[in-house]
Amino acid sequence: MKLPAKGKASLLLLTAAGLTFQAASASDLPAPSRHSSLASPPTTTTTTNLAGKVGALMDGVMRSSRAVSTVAITVVDYEFSLRGLSRDSEEYLRKLSEVHSRSAKRILELCEANKGFYVKAGQFVAAIRQVPEEYVSTLSSLHDKAVPCPFKAIRDVLINNFGQDLSCIFCSFDEVPIAAASIAQVHRAVLKDSREVAVKVQYPGLDRQMKLDTMIMSFLSKSITWLFPEYRFDWLVGEFVKAISLELDFIQEGKNAERTAKNFIFNDKVKVPKIVWELTTSQVLTMEFCRGSKVDDLEYMEKMGIDPTKVARTLVEVFAEMIFVHGFVHGDPHPGNILVSPEGKAGFSLVILDHGIYKQLDEQFRMDYCQLWKALILSDSARVQQLSERFGVGKYSRYFPLILTGRTIDSKSALGEAMSVEEKRMLKKDLKSLRMEDVSSFMEALPPDFLIVLRADGLLRAINRKLRASQRVRLLTYARFAIYGLFQEPTSQSGQNRRGLWGRERGKEEAMRKD
């Protein structure tokens with residue numbers, strides 16, 4: 001029996017409410033959130049412990065109830081707004097876009113209210129360019145929204161991790177953070193030996209909060225699939241959980257930073273802050289302090305006399321080298337994680353921050369991805385089809401060129417050039433027949449390595465647009481590095497040495513180009 005929209009929404013609410021209450025009751029979460037919730041230091045008194053657990057229970061229920069009610073309202077909106085409309089009609093497409101916009105705004109409000117992992121999840125969705133554009137444009141604003149945690153809670157985390165008072169370690173420690181994100185914030189400090197450092201401190205209680213939040217997200221994604229089979233987001237939630245789990249380990253982040261610094265040791269346009277290991281734990285990361293401004297800050301670049309188009313080209317080259325040559329990819333290159341500094345032989349350098357989310361690409365995938373770009377350069381549709389089969393999406397091979405280069409598989413235009421009027425007309429007709437079920441099937445079938453590459457690429461495209469760089473810069477750079485990548489040895493210790501040699505040769509090539 002098919003339930004009406006209200007019945008589906010009610011069932012969703014009831015099931016999730018029970019699930020939330022059970023999970024929150026069993027969870028040993030800290031006192032209520034908004035980051036201020038995490039500020040209360042642990043106490044040994046039974047009364048306070050009981051109050052904390054009750055507060056945690058109520059906080060968990062409130063956060064999850066917001067999520068469930070938002071999804072329930074969205075379910076009803078989609079069901080009623082699109083009822084009776086032919087999927088092939090212009091009216092259906094218009095209404096669908098309107099519902100996407102309303103729903104994206106609701107999700108944005110949910111993320112802003114629940115904060116923490118919900119903000120991170122919204123950022124994650126915004127970087128996946130294969131979800132409806134309405135969601136991407138609306139949720140992109142979350143990259144600039146984070147509420148700092150009160151310093152008392154931050155000080156408690158530092159003392160618990162270092163085992164001594166801050167005055168024993170630092171000459172000075174700025175209580176106001178220089179940056180705040182969804183899971184941590186960064187403070188400037190000066191060590192006893194006069195070194196200036198940036199101290200990244202994780203908000204307390206995140207491990208336990210993550211378990212509840214991600215469980216509810218998983219439940220909601222499965223519920224959406226049950227209600228609307230063509231909208232399947234399990235793959236997205238799964239990748240998000242993997243990514244966020246990696247980001248909570250600051251020791252691994254430090255190791256990732258050091259590996260990236262080695263990979264770019266011969267590139268004087270790239271700076272990775274040095275890690276201060278004696279003051280780094282799984283919850284606190286202390287690193288060299290580097291000055292600069294967000295990579296998309298045009299006003300800052302104009303003031304410092306830095307050419308934005310050169311910054312854009314360097315940025316794309318750095319990430320193309322990560323993807324096609326090193327096979328070790330930074331998975332979250334949003335503007336807050338990349339600074340442009342006026343220091344450097346070229347008149348500027350890029351400071352790469354936040355090395356928590358990285359992906360070591362499978363070597364076969366890296367080579368196949370290089371081959372795919374080579375096929376796109378040569379307009380070799382047969383080879384694109386063959387590689388699509390290898391990636392598991394043979395049925396959708398014609399969309400690979402569209403996603404990666406913005407043109408159709410049959411396009412006669414050169415890489416980076418605009419499509420002809422006829423090609424645009426045919427593309428519009430082709431996209432009109434594309435259903436959300438096709439997008440879901442395509443994304444589900446892609447290997448996990450492809451998803452991290454698409455996410456990084458989506459964020460880079462957004463930055464390049466702000467820097468007013470043409471898409472041609474990105475496409476031709478990717479094409480060039482794909483060819484470089486085909487001549488690299490497999491990922492191994494010897495392979496890394498070879499890539500170091502390659503980096504040295506690239507440095508010579510850059511110097512010759514300047515001369």
Residue count for the stretch 266-286, restricted to those that are aliphatic (A, V, I, L, M) and more than 25 Å from the chain's Cα centre (by Cα): 2
Lys211 within 18 Å of Phe117 (Cα to Cα), open to solvent by 40 Å² or more (accessible area, probe 1.4 Å) and in contact (Cβ under 8 Å) with a residue 24 or more places away in the chain: yes
Tally, over the stretch 71-96, of residues that are closer than 23 Å to Phe219 by Cα and among the polar types (S, T, N, Q): 1
Residue match in the stretch 175-186 (condition: within 21 Å of Ala67 (Cα to Cα), of a type outside the set (Phe, Trp, Tyr), modelled with pLDDT of 80 or more and touching a Leu at 6+ places or on another chain (Cβ under 9 Å)): yes
Enumeration of residues in the stretch 300-320 that are open to solvent by 10 Å² or more (accessible area, probe 1.4 Å), assigned to a helix (DSSP H, G or I) and farther than 27 Å from Phe365 by Cβ: Tyr300, Glu302, Lys303, Met304, Pro308, Thr309, Lys310
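Here's the yes/no breakdown for (1) out of contact with any Ser or Thr (no Cβ under 8 Å at 6 or more places or on another chain); (2) within 22 Å of Leu460 (Cβ to Cβ):
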position	(1), (2)
Ser101	no, no
Lys105	no, no
Glu109	no, no
Ala126	no, yes
Ser137	yes, yes
His143	yes, yes
Phe151	yes, no
Looking only at the stretch 153-207, and only at residues there that are among the acidic types (Asp, Glu) and without any contact (Cβ under 8 Å) to a residue 60 or more places away in the chain, the one that is least open to solvent (accessible area, probe 1.4 Å): Asp174
Any hit, the stretch 155-171, residues being closer than 24 Å to Phe240 by Cβ and out of contact with any His (no Cβ under 6 Å at 6 or more places or on another chain): no
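Restricting attention to the stretch 246-279, which residues are among the aromatic types (Phe, Trp, Tyr) and in contact with a strand residue (DSSP E or B) (Cβ under 6 Å, 6 or more places away or on another chain)? Step through it out loud before you land on a result.
Let us first name the residues in the stretch 246-279 that are among the aromatic types (Phe, Trp, Tyr), namely 250, 264, 266, 277.
Within the stretch 246-279, Phe250, Phe264 qualify.
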Conditions (1) under 30 Å from Leu446 (Cβ atoms); (2) among the charged types (D, E, K, R); (3) surrounded by fewer than 19 Cβ atoms within 10 Å (Cβ to Cβ); number of the one not met by Glu288: (1)
Single residue of the stretch 214-229 satisfying the filter (open to solvent by 50 Å² or more (accessible area, probe 1.4 Å) and part of a helix (DSSP H, G or I)) that is nearest to Cys149 (Cα to Cα): Met215
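Can you give me the ranges of the helices (runs of 4 or more DSSP H) entirely in the stretch 58-165 with at least 2 residues that are modelled with pLDDT of 85 or more, under 23 Å from the mean Cα position of the chain (by Cα) and of a type in the set (Lys, Arg)? First the steps, then the outcome.
Values: elements: 90-114, 117-127, 133-139, 151-162.
Passing ranges, in order: 90-114.
The values are calculated or read from the model by the stated rules, or taken from the named source; none is laboratory data. It should be emphasised that the depicted structure is a prediction, and the values quoted were computed from it without experimental measurement. Glycine gets a Cβ as well: all are built from the backbone with ideal geometry, and neighbour counts include every protein chain shown. Calculation scope for accessible area: heavy atoms of the full protein, side chains included, ligands and nucleic acids excluded. Shrake-Rupley method; radii C 1.70, N 1.55, O 1.52, S 1.80 Å.
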